[in-house]
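Participant: Just dropping this structure here.
The values are calculated or read from the model by the stated rules, or taken from the named source; none is laboratory data. These numbers were taken from a predicted model, which means no experiment stands behind them. Neighbour counts are summed over all protein chains in view; Cβ atoms, including those assigned to glycine, are modelled from backbone coordinates with ideal geometry.
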């Protein structure tokens, strides 16, 4: 993800004006560039393929207090109180709030900001590469903060999520069918579990169907397991339904499936489910360590006798259903510019410092209205 300024006469003139010895001229050029580049940064942030953008945006006026009526998400005749997950500080762990279904929930918001600067000499020399990298860094800083906040919220919701259907408690986290591998059977388990715990608001079959999962968040190692299905057996059972034995020669995936894996090694999707690869997932990685500190003591696999206490040396696969709008990002819109990202020329630098700079910010609040839209697989070490 890069922001690149084209070397046109107009842009060169604008950049050189920022290096002017006339303070007013330089500041006016800073303001003009902020007005031009702010919407570009906003577009980059909103289009980046990150965990943050798995949340559905809910825009509100900057001087307003966003809220959501919860009764449209739940069967109010069946549940009096529900668990809603939200975070009150950027990067903080989620708070589990028990809320009446007939209430209107206020979303707590916070600001994510960034400050950037460079020496005036680069402006005088019309170094568009330096200017471009500076604004790219600003977008990356906002994206990084959004990523951490979003991931922590998802991890916290999954760690304690369980659903009772007709007297049966279903944990949202399930143990993998085999230790150290993510198999087709595990994806099937996730899809089945996601469908079972998510009936319609009336408790029956959703009229528009149930997607189950739209996206899975995985580590590079799990993506390797998906590619491995192109040349390794995928079955986990014998013909009589018992667990597959070591002597079993195994069953390969269909030729059409294996051919697709060979031609798209990046695995953008699998079985109609989008695959997002995260380096922060994996054994002893950042998100896995956080989840290890939050995880329930045990989970289970419906197809095997496996039961496991999650450890940070395990791997984690997170599945979400975005079709339900359970993941909400309330984001403030500036009344004057209509932009979510507000970029302003920074006037703190004196002539002696010979610097130009900007600071930008986004006001947002994130919440998970329904933890039934998230499931996971604990891939045992």
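Participant: Within the stretch 45-60, is there a residue that is more than 30 Å from residue 278 (Cβ to Cβ), touching a strand residue (DSSP E or B) at 6+ places or on another chain (Cβ under 9 Å), touching a residue at least 24 places away in the same chain (Cβ under 8 Å) and not assigned by TED's automatic domain parsing to the domain that holds residue 279?
Facilitator: Quick first cut of the stretch 45-60, residues more than 30 Å from residue 278 (Cβ to Cβ) only: none.
Checking the stretch 45-60: not a single residue is more than 30 Å from residue 278 (Cβ to Cβ), touching a strand residue (DSSP E or B) at 6+ places or on another chain (Cβ under 9 Å), touching a residue at least 24 places away in the same chain (Cβ under 8 Å) and not assigned by TED's automatic domain parsing to the domain that holds residue 279.
Participant: Now for a separate question. Test residue 360 against the stated conditions and say whether it is surrounded by 24 or more Cβ atoms within 10 Å (Cβ to Cβ) and more than 30 Å from residue 184 (Cβ to Cβ).
Facilitator: It is true that residue 360 is surrounded by 24 or more Cβ atoms within 10 Å (Cβ to Cβ) and more than 30 Å from residue 184 (Cβ to Cβ).
Participant: Moving on. Can you find, within the stretch 163-182, the residue that is farthest from residue 376 (Cα to Cα) among those that are within 23 Å of the chain's Cα centre (by Cα) and part of a loop (DSSP other than H, G, I, E, B)?
Facilitator: Step by step, filter the stretch 163-182, then rank; the result is 182.
Participant: Of the conditions (1) surrounded by 16 or more Cβ atoms within 10 Å (Cβ to Cβ); (2) out of contact with any strand residue (DSSP E or B) (no Cβ under 8 Å at 6 or more places or on another chain), residue 36 fails just one. Which one is it?
Facilitator: Every condition holds for residue 36 apart from (1).
Participant: Kindly establish whether residue 81 is touching a helix residue (DSSP H, G or I) at 6+ places or on another chain (Cβ under 6 Å), at negative phi and either modelled with pLDDT of 90 or more or not assigned by TED's automatic domain parsing to the domain that holds residue 218 (or both). Talk me through it step by step, then tell me what you get.
Facilitator: Details: touching a helix residue (DSSP H, G or I) at 6+ places or on another chain (Cβ under 6 Å): no; at negative phi: yes; either modelled with pLDDT of 90 or more or not assigned by TED's automatic domain parsing to the domain that holds residue 218 (or both): yes.
For residue 81, the condition - touching a helix residue (DSSP H, G or I) at 6+ places or on another chain (Cβ under 6 Å), at negative phi and either modelled with pLDDT of 90 or more or not assigned by TED's automatic domain parsing to the domain that holds residue 218 (or both) - is not met.
Participant: Residues to consider are 44, 31; find the one that is crowded, with 17+ Cβ neighbours inside 10 Å and either modelled with pLDDT of 90 or more or more than 19 Å from residue 336 (Cβ to Cβ) (or both). If you could, list the steps in order and put the result at the bottom.
Facilitator: Details: 31 fails: crowded, with 17+ Cβ neighbours inside 10 Å.
Checking each option against the conditions leaves just 44.
Participant: Is at least one residue of the stretch 302-309 surrounded by fewer than 24 Cβ atoms within 10 Å (Cβ to Cβ), touching a helix residue (DSSP H, G or I) at 6+ places or on another chain (Cβ under 7 Å) and either modelled with pLDDT of 85 or more or within 26 Å of residue 173 (Cα to Cα) (or both)? Explain how you work it out, then say what you get.
Facilitator: Kept after step one, since they are surrounded by fewer than 24 Cβ atoms within 10 Å (Cβ to Cβ), are these residues of the stretch 302-309: 302-309.
In the following step, the residues that additionally are touching a helix residue (DSSP H, G or I) at 6+ places or on another chain (Cβ under 7 Å) were identified as 302-303.
Subsequent filtering for residues that are either modelled with pLDDT of 85 or more or within 26 Å of residue 173 (Cα to Cα) (or both) retains 302-303.
Looking for residues that are surrounded by fewer than 24 Cβ atoms within 10 Å (Cβ to Cβ), touching a helix residue (DSSP H, G or I) at 6+ places or on another chain (Cβ under 7 Å) and either modelled with pLDDT of 85 or more or within 26 Å of residue 173 (Cα to Cα) (or both), one finds at least one in the stretch 302-309, hence yes.
Participant: Which condition number in (1) farther than 21 Å from residue 14 by Cβ; (2) free of Cβ contacts under 8 Å to residues at least 60 places away in the same chain; (3) surrounded by fewer than 18 Cβ atoms within 10 Å (Cβ to Cβ) is the one that residue 130 fails?
Facilitator: It fails just one condition, (1).
Participant: A follow-up question, please. Would you be able to tell me the number of residues in the stretch 1-28 that are over 37 Å from the mean Cα position of the chain (by Cα), surrounded by 14 or more Cβ atoms within 10 Å (Cβ to Cβ) and not in a helix (DSSP H, G or I)?
Facilitator: Going through the stretch 1-28 one residue at a time, the tally reaches 2.
Participant: Contact list please: Cβ distance under 7 Å, first residue in the stretch 274-301 and at positive phi and surrounded by 17 or more Cβ atoms within 10 Å (Cβ to Cβ), second residue modelled with pLDDT of 90 or more and in a strand (DSSP E or B), pairs at least six apart or on different chains.
Facilitator: Qualifying pairs under 7 Å: 282/315.
Participant: Against the definition (in a strand (DSSP E or B), more than 28 Å from residue 56 (Cβ to Cβ) and modelled with pLDDT of 90 or more), how does residue 345 come out, yes or no?
Facilitator: Numbers: in a strand (DSSP E or B): yes; more than 28 Å from residue 56 (Cβ to Cβ): yes; modelled with pLDDT of 90 or more: yes.
Against the criterion (in a strand (DSSP E or B), more than 28 Å from residue 56 (Cβ to Cβ) and modelled with pLDDT of 90 or more), residue 345 qualifies.
Participant: Given the conditions (1) modelled with pLDDT under 85; (2) in the same structural domain as residue 147 (by TED's automatic domain parsing); (3) assigned to a loop (DSSP other than H, G, I, E, B), and given that residue 71 satisfies all but one, which numbered condition is not satisfied?
Facilitator: The failed condition is (3).
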